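Worksheet: the structure to be examined is printed underneath.
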Amino acid sequence: MVDQVGHRAIVLGGSMAGLLAARVLSGAFAEVVIVDRDKLIGVTEARRGVPQGRHVHGLLARGQQILEELFPGFTADAIASGIPTGDLGELRWFFNGRQLEPATTGLICVSADRPVLESQVRSRVQQLPNVVFREQRDILGLVTTEDNSRVTGVRVQAQTQGSEVETLDADLVIDATGRGSRTPAWLSELGYERPAEETVKIDLTYTTRHYRLRDESILDGQLSINPVSTPSHPRGAFFSRIENGRSIVSLTGVLGDSAPTDPEGFLDFVKSLPVPDVYEVIHDAEPLDDPVSFHYPASQRRRYEQLDRFPERFLVLGDAACSFNPVYGQGMTVAALEALTLRDHLAKGMPDPLSFEADIAKVIEVPWSISAGGDLGFPGVEGERTPEMMVANAFTIRLQAAMTHDPEVTRTFMRVAGLVDPPDAIQSPDITFRVLGPELVGAILTAHPELGAELQGLVVGVLLGNQQEPAAA
Ligand SMILES: Cc1cc2nc3c(=O)[nH]c(=O)nc-3n(C[C@H](O)[C@H](O)[C@H](O)COP(=O)(O)OP(=O)(O)OC[C@H]3O[C@@H](n4cnc5c(N)ncnc54)[C@H](O)[C@@H]3O)c2cc1C
């Protein structure tokens, strides 16, 4: 057994972030224990501890790549088990009521129901000989040294009646209990500061229903239809073909708007989307369940890395550290990126909590700026709008328009939104030129010849004064 960093690591929470953390911990500890309040093994349906699991979960391209790296053959196994896959750029995407020009990106979309995706990851983690699942156990709190400087284990209690509280010793404890994480309260009880929290209130509701299509040929071989919510067209939807001949539709309403859960109201909301495509596909499909809603009040980022003190041998990751507006599809992929960060830290020995939190803050930065920045493009969302953000949002409107006719722009966007490439890729001179068009670029360069190929600064001034959606090229 591997024992180079410590004997036992305990992961609190056995959802996506916890499973991926356990995967990398298994290479550094003799034993890894995953504790969760739900039954996990064999579960392929949405469960109580992950209520968002009933709703569409897109896995970003970078997430798929990391799953493949951590579990070689993951995608082939998913396909073999009946999960449909496709090229992310070839899905039917709409922004502002206009369809994007499809682009072959080579980026793979694994189109699984969220609980099924989790079960695929879980079964690979189950195969690791040194990972143990302690299911149906409530996590009650941390155990620490007398001076509270170091975490030495956790207190858990099985849900069977009359069960005693158990103490599990650990050399390292990881909080992956999701957005409802008790770490801020635990820190306070132990005499530490709570982390500062940033929130962006989007007041979003997902409403979801599963279907079986009467005839899948109506999809023209496409995997999904996504009219994405934008400030000019705030109602959105994600329709995806998933495993076992089923399909899923999640309708999204922002700033208090929400799709009703009665079948008629649900279909009326579908009809009110900016494009008819989702309605055409589902109006005569067989519903497999009743619509269910999930309210998501705000994105929430806990700034653990800014604390001066933190207990040793204790880390926080996944939604417990940052929960992103789900329409950007980032949570699972960020959890996967954080697992890689954890692996890098473990390669150097026992992780130092504050330096680990500082490193995952770097991982969180780009997706947070995409999601928080994107949300602040909705005039009704409260929050400070920096000039950079306003420029980025104005540029995004033009970018979305360019994607309706230029597959190269679509391809680049898919790589950036999929967290495969950094945002700089979208601001390259080539893409900037394609997005702004020759006339605007020519006007900018005439006005400011000294700036030459450095288009970025020019874009700022021009776009800040002109945030209207441009006409189709
Ligand atoms: C509506 C919606 C749609 C989303 N869509 C996407 C998407 O398209 N793509 C994407 O990547 N992400 C999406 N997300 C985010 C995604 O669900 C999470 O990022 C992902 O599940 C990883 O979260 P996590 O593992 O950190 O926490 P969670 O998934 O919330 O899991 C926490 C785990 O901890 C356990 N737990 C919590 N407290 C206790 C306790 N006291 N005792 C014992 N066990 C406990 C729970 O049972 C659960 O298993 C969406 C989120 C929402 C709300």
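The values are calculated or read from the model by the stated rules, or taken from the named source; none is laboratory data. All values derive from a computational prediction rather than experimental measurement. Don't worry about glycine lacking a Cβ; one is built from the backbone with ideal geometry, like all the others, and counts go over all protein chains shown.
Out of all the residues in region 155-177, which are of a type in the set (A, V, I, L, M, F, W, C), more than 9 Å from the ligand (Cβ to nearest atom) and part of a strand (DSSP E or B)?
Here is the first cut: in region 155-177, the residues of a type in the set (A, V, I, L, M, F, W, C) are 156, 158, 165, 168, 170, 172-174, 176.
Still in the running and more than 9 Å from the ligand (Cβ to nearest atom): 158, 165, 168, 170, 172-174.
Answer for region 155-177, where residues must be of a type in the set (A, V, I, L, M, F, W, C), more than 9 Å from the ligand (Cβ to nearest atom) and part of a strand (DSSP E or B): Ala158, Val165, Leu168, Leu172, Val173, Ile174.
Out of region 178-217, which residues are touching a Lys or Arg at 6+ places or on another chain (Cβ under 9 Å) and either near the ligand (Cβ under 10 Å from one of its atoms) or polar (S, T, N, Q) (or both)?
Result: Ser181, Thr183, Ser188, Thr199, Tyr206, Thr208.
So in region 261-294, with the set limited to residues that are touching a residue at least 40 places away in the same chain (Cβ under 8 Å) and touching a helix residue (DSSP H, G or I) at 6+ places or on another chain (Cβ under 6 Å), which one is farthest from Tyr211 (Cα to Cα)?
Per the criteria, the residue is Phe294.
In region 31-73, how many are in contact with a Phe, Trp or Tyr (Cβ under 7 Å, 6 or more places away or on another chain), within 24 Å of Leu204 (Cα to Cα) and aliphatic (A, V, I, L, M)?
Count: 1.
On the basis of being at pLDDT below 95 and closer than 24 Å to Val56 by Cβ, does Pro102 make the cut? Walk me through how you get there before you give the answer.
Values: at pLDDT below 95: yes; closer than 24 Å to Val56 by Cβ: yes.
Answer is yes for this residue.
Taking Thr199, is it part of a loop (DSSP other than H, G, I, E, B) and among the β-branched types (Val, Ile, Thr)? Steps first, please.
Numbers: part of a loop (DSSP other than H, G, I, E, B): no; among the β-branched types (Val, Ile, Thr): yes.
Considered against the rule, which asks whether it is part of a loop (DSSP other than H, G, I, E, B) and among the β-branched types (Val, Ile, Thr), Thr199 comes out as no.
Take the residues of region 115-138 that are farther than 14 Å from Lys39 by Cα and within 11 Å of the ligand (Cβ to nearest atom): which is surrounded by the most Cβ atoms within 10 Å (Cβ to Cβ)?
Step by step, filter region 115-138, then rank; the result is Leu117.
Which residue out of Glu338, Glu365 is under 20 Å from the mean Cα position of the chain (by Cα), in a helix (DSSP H, G or I) and buried (at least 20 other Cβ atoms within 10 Å of the Cβ)? Don't jump to the end; show me each part of the working.
Numbers: Glu365 fails: buried (at least 20 other Cβ atoms within 10 Å of the Cβ).
Only one candidate qualifies: Glu338.
State whether the residues of region 135-149 include one that is free of Cβ contacts under 8 Å to residues at least 60 places away in the same chain and within 29 Å of Val56 (Cβ to Cβ).
No - not one qualifying residue is present in region 135-149.
Using the structure shown, decide if Asp87 is of a type outside the set (Lys, Arg) and touching a Lys or Arg at 6+ places or on another chain (Cβ under 8 Å).
In short, no.
Please work out which one of (1) touching a His at 6+ places or on another chain (Cβ under 9 Å); (2) free of Cβ contacts under 8 Å to residues at least 60 places away in the same chain; (3) not in a helix (DSSP H, G or I) is the condition Asp359 fails and give its number.
(3)
If only one of Gly329, Gly349 is within 10 Å of the ligand (Cβ to nearest atom), surrounded by fewer than 24 Cβ atoms within 10 Å (Cβ to Cβ) and modelled with pLDDT of 95 or more, which one is it? Before the answer, list the steps.
Numbers: Gly349 fails: within 10 Å of the ligand (Cβ to nearest atom).
Answer to the check: Gly329.
Could you check how many residues of region 258-306 are surrounded by fewer than 16 Cβ atoms within 10 Å (Cβ to Cβ), assigned to a loop (DSSP other than H, G, I, E, B) and in contact with a Lys or Arg (Cβ under 8 Å, 6 or more places away or on another chain)?
Selection size over region 258-306: 5.
If Gly374 satisfies all but one of (1) in a helix (DSSP H, G or I); (2) at pLDDT 95 or above; (3) buried (at least 22 other Cβ atoms within 10 Å of the Cβ); (4) within 16 Å of the ligand (Cβ to nearest atom), what's the number of the condition it fails?
Among (1) in a helix (DSSP H, G or I); (2) at pLDDT 95 or above; (3) buried (at least 22 other Cβ atoms within 10 Å of the Cβ); (4) within 16 Å of the ligand (Cβ to nearest atom), the lone unmet condition for Gly374 is (2).
Residues Ala80, Ala9, Ala46: which one is buried (at least 24 other Cβ atoms within 10 Å of the Cβ) and of a type outside the set (D, E, K, R)?
Values: Ala80 fails: buried (at least 24 other Cβ atoms within 10 Å of the Cβ); Ala46 fails: buried (at least 24 other Cβ atoms within 10 Å of the Cβ).
After applying the criteria, what remains is Ala9.
Taking into account only those residues within region 388-415 that are of a type in the set (Ser, Thr, Tyr) and part of a helix (DSSP H, G or I), which is nearest to Tyr328 (Cα to Cα)? Walk me through it before giving the result.
Just the residues of region 388-415 that are of a type in the set (Ser, Thr, Tyr), to begin with: 396, 404, 410, 412.
Then keep just the ones that are part of a helix (DSSP H, G or I); that gives 396, 410, 412.
Values: Thr396: 14, Thr410: 16, Thr412: 16 Å.
Among them, the one singled out is Thr396.
Name the residue that is nearest to the ligand (Cβ to nearest atom), counting only residues in region 3-19 that are modelled with pLDDT of 95 or more and either acidic (Asp, Glu) or within 14 Å of Leu346 (Cα to Cα) (or both). Step through it out loud before you land on a result.
Of all residues in region 3-19, those modelled with pLDDT of 95 or more come to 5-19.
Keeping just the survivors that are either acidic (Asp, Glu) or within 14 Å of Leu346 (Cα to Cα) (or both) gives 5-9.
Working: Val5: 22, Gly6: 22, His7: 22, Arg8: 18, Ala9: 16 Å.
The selected residue is Ala9.
In region 219-234, which residues are assigned to a loop (DSSP other than H, G, I, E, B) and either more than 16 Å from the ligand (Cβ to nearest atom) or among the aliphatic types (A, V, I, L, M) (or both)? Steps first, please.
Step one: filter region 219-234 for residues assigned to a loop (DSSP other than H, G, I, E, B), giving 220-223, 229, 231-232, 234.
Residues satisfying the conditions are Asp220, Gly221, Gln222, Leu223, Pro231, Ser232, Pro234.
Can you tell me how many residues within region 34-53 are in contact with a strand residue (DSSP E or B) (Cβ under 6 Å, 6 or more places away or on another chain) and within 7 Å of the ligand (Cβ to nearest atom)?
The total comes to 3.
What are the residues in region 24-43 that are at negative phi, surrounded by fewer than 24 Cβ atoms within 10 Å (Cβ to Cβ) and of a type outside the set (A, V, I, L, M, F, W, C), if any?
Ser26, Gly27, Glu31, Arg37, Asp38, Lys39
Could you tell me whether any residue of region 431-445 is outside any loop (DSSP other than H, G, I, E, B), of a type in the set (Asp, Glu), farther than 30 Å from Glu68 by Cα and at pLDDT below 95? Outline the logic, then answer.
Kept after step one, since they are outside any loop (DSSP other than H, G, I, E, B), are these residues of region 431-445: 431-445.
Checking the rest, the ones that are also of a type in the set (Asp, Glu) come to 439.
Now restrict to residues that are farther than 30 Å from Glu68 by Cα: 439.
Still in the list and also at pLDDT below 95: 439.
Yes - at least one qualifying residue is present in region 431-445.
Looking at this structure, is Val56 under 30 Å from Ala158 (Cα atoms), among the β-branched types (Val, Ile, Thr) and within 13 Å of the ligand (Cβ to nearest atom)? Write out each step before concluding.
Numbers: under 30 Å from Ala158 (Cα atoms): no; among the β-branched types (Val, Ile, Thr): yes; within 13 Å of the ligand (Cβ to nearest atom): yes.
Taking the combined requirement at face value, the residue does not satisfy it.
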